[in-house]
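S.K.: To start, I am sharing the structure in question, which I have written as structure tokens.
Derivation of every value follows stated rules applied to the coordinates shown; laboratory data play no part. Keep in mind that what you see is a predicted model, and the values were worked out from it rather than measured. Here the Cβ is made from the backbone with ideal geometry for all residues, glycine too, and neighbour counts use every protein chain on show.
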Amino acid sequence: MRRQIGFIGAAAVLVGLAGVLSPFQMALAAEMLIAGLFALSLNLIMGFGGMVHFGHAAFYGVGGYAYALLTLRAGLDPMLAFALAPLIAAGFAAVIGWFCVRRTRLYFSILTLAFGQLLYIVVFQARDLTGGDDGLQGLRVPPWLETEQARYLWVVGVFLVCFALIRRIAASPFMLTLKAVRDNPERAQFLGVDVRRQQWVVFVVGGTFAGVAGALFAVLNRFVAVNMLFWATSSEPILGSLMGGMGSLVGPVIGGGLLIFLEVNITRFTLYWPMILGIITILFVLLAPDGLTGLVQRWRTRGQADADRR
Amino acid sequence: MLTVDNLSVAFGGLKAVQAVSLMVSQGERVAIIGPNGAGKSTLFNLISGGVRPDAGRVVFDGRDITPLPAHQRARLGLGRSFQRSSVFAKLSAYDNVLAALTIHRGHGLRVWARTTPQRAAEEALAAVGLADQRDRLAGALALGDQKRLELGMVLATAPRLMLLDEPTAGMSPEETAGTVALVQRLADERGFGVLFTEHDMSVVFGVAQRVLVLSQGALIAQGALRANPEVQRLYLGGTP
């Protein structure tokens, strides 16, 4: 019940902001939500599945490019393209994931990195189709998404639907079983879990939502860039999840969004954003490995303990 | 219930298990003893599916399970515990058992459903005496409690044969006695068979109806323990 109120409250605030923010601020807020969704999609795999995934940007990029190519090259209706984009990302995740889950830990991570970079190079090289390093500009969007405000509201709506879906999935028997696999794959296997299949499914589910985030990016900005697939882009949801806290759903959303917010606002004053990002990352890893939500949790339990003592 | 037929496996040049044959009938309690390195854990892995044999067969419940992977064997009712306690550390004790139950029921891939509280999970937790630790993280439990929790998890999968790899390793004498009584009681109540390895002879004689002796990968004796001179040499100090 409290969670429902929290969700509805957050939804009301996000919608209400459309009447308050300037177009620039709305674009920034939409970017933050997309980054939050992207981080959340990764956290299903990394936080719940314990699989460190260095190639998640590939599916973000596939989502974006699928929307761009379907509207630009295939002449599809933008909304149809938007609906198909996550499914195409899911298809890529299904094939790539099938190979990646055959290895564990570091070897899994290296495979995801390699496949991600492979897709990046393919998009980079297929100039005729993808525009290469120029990306694809001037994407069509539905006529009712012409204004900044409408696009912001569209991002808010899709984000909220995805968050609700992911929240439900996070409470499923599937996720409980996945967490068991994360904590102890051997024990889970000898209780009857097909460990690879469990990991493969979450890989595809996470890839699908990354595809949604990528398609949202394409609609919001009306362009896609090959950097969307680059491995450095994969580090953003990792850092976002880390900063926000991998133990929760809200954490990665806050962390992913906060990174964008800081990047935009700090690069206005200094070109040394990457250095500042590095310092922030180090501080989090050393001082708050459970992220912001972990800090809040610790602070709350301490408050509880104090209250108990009194 | 379980028939192991001429099972062999070698790692490199080491013949870890050589032509071992054994049988465990329904509800029977059988101990496998032998010095360190005798191949007990390897034999367990061969039976439960962690290691593939070079030769031989494992038949469970009339079915040849030799080609089956470990998770499918578990689903047929072949439960096992590990020598070192093996739990889901970041889940609560209750969620550990609930996960086991979810897996047993084949609900592990239900993405679009809710986990609902299960009385069977509470019961399995209570059966191993951990009802009062319900909400503690499994990783924070005492070692003996972790081993009991693991037992509760296997119990939740309604096994027909439990393979216990040194169920009392690392336990105090009191914990050991408690675990022995627990395994006895559960096996009595639920009628599952137990195949276990153990170094503590009081546990072996307290639980097992039959004892198999493994040495250098081969079964050297079984059954009437005290009459066998080789077993006496290995275990009982040489003099009858």
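S.K.: If you take the residues of region B:89-105 that are within 8 Å of chain A (Cβ to nearest Cβ) and outside any helix (DSSP H, G or I), which of them is nearest to B:Asp145 (Cα to Cα)?
M.R.: B:Ala89
S.K.: When you go through (1) within 13 Å of B:Leu155 (Cα to Cα); (2) within 11 Å of another protein chain (Cβ to nearest Cβ) one by one for B:Pro69, which number turns out not to apply?
M.R.: It fails just one condition, (1).
S.K.: Which of the residues spanning region B:171-198 are over 28 Å from B:Val4 (Cα atoms) and over 16 Å from the mean Cα position of the chain (by Cα)?
M.R.: Listed by number, the residues that qualify are B:Met171, B:Ser172, B:Pro173, B:Glu174, B:Glu175, B:Ala177, B:Gly178.
S.K.: Okay, next question. Test of understanding: among B:Arg148, B:Arg136, B:Arg119, which residue is of a type in the set (D, E, K, R), within 23 Å of A:Pro173 (Cα to Cα) and out of contact with any strand residue (DSSP E or B) (no Cβ under 9 Å at 6 or more places or on another chain)?
M.R.: Answer to the selection: B:Arg119.
S.K.: Got a sec? Which helices (runs of 4 or more DSSP H) wholly within region A:1-78 have at least 2 residues that are within 12 Å of the chain's Cα centre (by Cα), buried (at least 20 other Cβ atoms within 10 Å of the Cβ) and in contact (Cβ under 8 Å) with a residue 12 or more places away in the chain?
M.R.: Fully inside region A:1-78 and qualifying: A:23-43, A:57-72.
S.K.: Of all strands (runs of 3 or more DSSP E) completely enclosed by region B:1-86, which ones contain at least 3 residues that are free of Cβ contacts under 8 Å to residues at least 60 places away in the same chain?
M.R.: B:2-11, B:55-60
S.K.: For region A:178-197, what are the residues that are at the interface with chain B (Cβ under 7 Å from one of its Cβ atoms) and either of a type in the set (Val, Ile, Thr) or in contact (Cβ under 8 Å) with a residue 60 or more places away in the chain (or both)?
M.R.: Selection gives A:Lys179, A:Asp183, A:Val193.
S.K.: Go through region B:140-159 residue by residue and tally those that are exposed (fewer than 15 other Cβ atoms within 10 Å of the Cβ) and either outside any helix (DSSP H, G or I) or within 14 Å of another protein chain (Cβ to nearest Cβ) (or both).
M.R.: So the answer is 2.
S.K.: Can you go through B:Arg52, B:Arg110 and tell me which one is at the interface with chain A (Cβ under 10 Å from one of its Cβ atoms) and of a type in the set (Lys, Arg)?
M.R.: Exactly one residue qualifies, and that residue is B:Arg110.
S.K.: Another question about this same structure. Of all residues being over 19 Å from B:His107 (Cβ atoms) and in contact with a His (Cβ under 8 Å, 6 or more places away or on another chain) in region A:164-223, which is surrounded by the fewest Cβ atoms within 10 Å (Cβ to Cβ)? Just the residue, please.
M.R.: A:Phe203
Residue-wise test of (1) within 13 Å of chain A (Cβ to nearest Cβ); (2) within 20 Å of the chain's Cα centre (by Cα).
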{"residue": "B:Asp61", "(1), (2)": "no, yes"}
{"residue": "B:Gln83", "(1), (2)": "yes, yes"}
{"residue": "B:Ser86", "(1), (2)": "yes, yes"}
{"residue": "B:Arg114", "(1), (2)": "yes, no"}
{"residue": "B:Arg119", "(1), (2)": "no, no"}
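S.K.: Looking at the structure I just gave you, is B:Ala126 away from every other protein chain (no Cβ under 12 Å), in a loop (DSSP other than H, G, I, E, B) and either out of contact with any Pro (no Cβ under 7 Å at 6 or more places or on another chain) or over 27 Å from B:Met201 (Cβ atoms) (or both)?
M.R.: Criteria not met by B:Ala126.
S.K.: Can you confirm whether B:Val111 is among the aliphatic types (A, V, I, L, M), more than 30 Å from B:Thr3 (Cβ to Cβ) and touching a Ser or Thr at 6+ places or on another chain (Cβ under 8 Å)?
M.R.: Yes: the conditions hold for B:Val111.
S.K.: A further question follows. Considering A:Val156, A:Val202, A:Val161, which residue is in contact (Cβ under 8 Å) with a residue 60 or more places away in the chain and more than 30 Å from A:Arg103 (Cβ to Cβ)?
M.R.: One residue alone meets the criteria, A:Val156.
S.K.: Identify the residue in region A:140-177 that is aromatic (Phe, Trp, Tyr) and away from chain B (no Cβ under 14 Å) and, among all such residues, is farthest from A:Ile5 (Cα to Cα).
M.R.: If we take residues in region A:140-177 being aromatic (Phe, Trp, Tyr) and away from chain B (no Cβ under 14 Å), then A:Trp144 is farthest from A:Ile5 (Cα to Cα).
S.K.: Also: Being surrounded by 15 or more Cβ atoms within 10 Å (Cβ to Cβ) and under 23 Å from A:Val201 (Cα atoms) narrows it down to one of B:Leu125, B:Leu98, B:Leu78, B:Leu137, so name that one.
M.R.: B:Leu98
S.K.: Quickly run through region B:205-219 and pick out the residues that are in contact (Cβ under 8 Å) with a residue 40 or more places away in the chain and either surrounded by fewer than 20 Cβ atoms within 10 Å (Cβ to Cβ) or assigned to a strand (DSSP E or B) (or both).
M.R.: B:Gln209, B:Arg210, B:Val211, B:Leu212, B:Val213, B:Leu214, B:Ser215, B:Gln216, B:Ala218, B:Leu219
S.K.: Could I ask something else about it? Inside region A:198-216, can you point out the residues that are within 12 Å of chain B (Cβ to nearest Cβ) and among the hydrophobic types (A, V, I, L, M, F, W, C)?
M.R.: A:Trp200, A:Val201, A:Val202, A:Val204, A:Val205
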